[in-house]
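Every number here is computed from the coordinates shown, using simple stated rules; none is lab data. For clarity, every value in this text was computed on a predicted model and none was experimentally measured. For neighbour counting, all protein chains shown are included, and Cβ atoms are generated from backbone atoms with ideal geometry for every residue, glycine included.
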Amino acid sequence: MDSTELETTNPNSNTPGRSKYANIFLSSCFALILLGAIYLLVTFTQVWLQSTQDEVSEADAIVVLGAAQWDGVPSPVLEARLQHALFLYDQGAAPYIVTTGAKQVGDRFTEAYAGLTYLLERSVPENAILVVIDGMNTFQSLSATSNVLGKEGIGSKVILVSDPYHALRAKEVAREVGLNPLFSPTELDSSFTQLVRETIGTSVGRVIGFRRASTLSE
């Protein structure tokens, strides 16, 4: 058997070709990981920057995003949101306040009802409050809010009230359901963990849509 035949049948003769494709594959994986990291870093920066901004302006309604309630009594987080919404209402920012949020399993009251009671006790007229009890997450609550405002003939320009870290995702969800949102945060601090969680939620929602992303947490 001559050397030419040996070279033809040598099982290692294709190694350089395989190495080339392996290098291309590894380079592609590295590029994708790098792009993903940059995407997350940019989104994190946007989440943080939006959390520092207060966009108060005249609007059609103030929307209080729900948080925990304890047997009809707002938790400290929900109370902070309601207090801020009341302040904006008293300043004439909008003629309506929308309270949102369903109830958890075993609860007697919804988050929206707890908000209604809180505002009524502070002399907000009942006809200035809209109660939206449909929604176990931000997307569902804002989608239901958009429907209610439309049925009531109220405009779509809204001031969203929630914790600072929630600002960017809440605004992007609101746009997806047909609202024209501004955001006014409470004075509660945002932790690094909360900012990271919102970064992930916003990043996923931008890729697959916030409607679909909202089902991932159910």
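Show me 84-95, 168-179 ranked by packing, highest mean number of other Cβ atoms within 10 Å first.
Values: 84-95: 17.5, 168-179: 21.2.
The packing order, highest mean first, is 168-179, 84-95.
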(message) Give me a comma-separated list of calculated 3J(HN,Hα) values for the range 155-163, in order, Karplus coefficients 6.51, -1.76, 1.60 applied at θ = phi - 60°, integers in Hz, x for any Gly or Pro.
(response) x, 9, 7, 10, 9, 7, 10, 7, 6
(message) For GLY135, what residues show an amide H to amide H distance below 5 Å, using hydrogens built from the backbone and excluding near sequence neighbours?
(response) ALA102
(message) Run the simple label-point estimate for THR45 and SER75 please: 7 Å along Cα→C-beta, distance reported in nm.
(response) 3.3 nm
(request) Specify which residue in the list VAL98, ALA144, ILE159 is farthest towards the positive end of the charge dipole of the chain, using unit charges on the beta carbon of Lys, Arg (+1) and Asp, Glu (-1), about the Cα centre. (result) ALA144
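With a length cut of 30 Å (Cα positions projected on each helix's long axis) and a Kyte-Doolittle mean of at least -1.0, go through the chain and give me the DSSP H helices that pass. Before the final figure, lay out each step's value.
On the way: long enough: 15-51 (53 Å, 0.94).
Helix filter hits for the chain: 15-51.
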(request) Please list the non-local residues whose amide H lies under 5 Å from the amide H of SER162, H modeled 1.01 Å from N, same-chain partners needing a gap of 5 or more. (result) SER184, THR186
(message) Along the charge dipole of the chain, pointing to its positive end and built from +1/-1 on Cβ of Lys, Arg, Asp and Glu, which listed residue (GLY178, LEU116, VAL207) has its Cα farthest out?
(response) VAL207
(message) Going by amide H atoms built from the backbone, whose H comes under 5 Å of the H on LYS157, apart from near neighbours?
(response) ASP60, ASN180
(message) What's the magnitude of the charge dipole for the chain around its Cα centre, counting Lys and Arg as +1 and Asp and Glu as -1 at the beta-carbon? Answer in Debye, nearest 20.
(response) 380 debye
(message) Using only the Cα atoms of the chain, what are the Rg and Dmax in Å?
(response) 25.3, 102
(message) As a test of the formula, what do you get for the chain when each DSSP H run with n ≥ 4 contributes -39,500 (n - 2.57) and the sum is divided by the residue count, at 222 nm and rounded to the nearest 500 deg cm²/dmol?
(response) -17500 deg cm²/dmol
